[in-house]
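Working notes, beginning with the structure itself.
Taken together, the values in this text are just the output of simple stated rules run on the coordinates, not laboratory data. Please read all numbers here as calculations on a predicted model, not as lab measurements. Because the Cβ atoms are built from the backbone with ideal geometry, glycine has one as well, and the counts that use them run over all protein chains shown.
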């Protein structure tokens, strides 16, 4: 009896014309389920209403006129995007009518509802899409869509695992939300993971002594050693983490015989307005030495670390990701096209391309950190000399712009593991013990972000592996064959290294 009463009430409830759902027949069952869920949501003194062809279009009517009339009458138009929808003619007609009702996106009427990874049509790229690609997160996407239809902000401070769509009675009809891009933020608590790795241990002392030498090359020559400990030269003094008082220490030939030697606590240097910068410089010199020992090269102008090719072959590293050993090519041949005398174009090697990173220590009010930033660079045929010129910058910018946040985060993780060399933390050797850096990046929280987004660091690493097999960012970007050539050869003779 109670169920019968509920059904009677649902048939008599007032509904508006809130959203028109453009779709193809292949998606009709899913769209009908979505329409049913939307119409179950209250809005002011009624329920949300959906225009759905199965429910609202008579079979003998002029379907084109019905579409035009209902699209004009609805506050929003939802375009269900799937591979089948983009291949079919009829949804293209509906989409065209909808887009031309709001060509610039300024009114925020057209809402792409993304069902699959596809190449978005240009007319929809400027609009905020609702992500329904993951069926396990249907409720979160539905909550986002319903809030958009109601003109509400995302709720804050909700403790449940599933999103809650609150009912908010307003004495007036809210204006449509104006959305002009696909990166609008929701008002939710968001965890932010950055590229700063906390330094958890540093040497206790910095040793300094007077020297008559004024540049690094002169110190190397005087000491007659190729692998001196890290040091800096400041105000006529040589400073290092290595004790200088030893009679046969490596720096003894570079020091003045009667010069004053001192051992000062690193905390005192960090509190000093000038010397805290010298500490950072000494740490960065120590980092370069550590990277060199790991066979990484350092490019001074761009401050980039990278691997050179070995035996004129690509460089691959293996790392554990998601419980599996996976390869990553960090140095590969860079191919280009050269025009021949007969007018044809021939693909030839024009140098090397490298995935690399920038890394440096930074001293912030909250402590010392190692900052890491993934990057790319091109080198000449020797694999060591960085390329320069007006054509290099656009190529590197293009590659960098194609990387999403998840891929950047994974690359930061990858290069931090390279520096760790199989240890549980990054340890840079000094004679007083290691400079130790945590492999867990610093994180914080923001009052805005992506509704329902949950960060599982290891899960993110595993998920991003699958994205490597696809074109980046929903296929919105394509790789230019003139500037980027992916090697398919899986020759067992490839140079491999373990991290």
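Multiplying the residue separation of residue 234 and residue 408 by 0.36 nm and removing their Cα-Cα distance gives an extension gain of 59.0 nm.
A simple spin-label model places pseudo-atoms 7 Å from Cα toward Cβ; at residue 194 and residue 14 they are separated by 5.1 nm. Approximating the spin labels as points 7 Å out from Cα along Cα→Cβ, the residue 222-to-residue 267 distance works out to 3.3 nm.
Between residue 397 and residue 345, full extension at 0.36 nm per residue minus the direct alpha carbon distance yields a gain of 16.2 nm. Here the extension length gained between residue 116 and residue 204 equals 26.1 nm, from 0.36 nm per residue of separation less the Cα-Cα distance.
Which three semi-axes in whole Å describe the equivalent ellipsoid of region 296-380, each the square root of 5 times a Cα gyration tensor eigenvalue, listed largest first? Don't skip to the end; give the middle numbers.
Working: eigenvalues 222, 69, 22 Å².
Ellipsoid semi-axes (Å, largest first): 33, 19, 10.
Summary of packing: across the peptides 300-309, 410-419, the per-residue average of other C-beta atoms within 10 Å ranks them, highest first, as 410-419, 300-309.
Computed over the alpha carbons of region 185-268, Rg followed by Dmax gives 19.1, 66 Å.
Between residue 358 and residue 385, the simple label model (points 7 Å from Cα in the Cβ direction) yields a spacing of 2.5 nm.
Dividing the convex hull volume of the alpha carbon atoms of region 222-287 by its residue count gives 90 Å³ per residue.
Note on region 270-422: Cα Rg divided by 2.2 N^0.38 Å, N the number of residues, gives 1.22. Relative contact order of region 188-276: 36 percent, from C-alpha pairs under 8 Å at least 6 residues apart in sequence.
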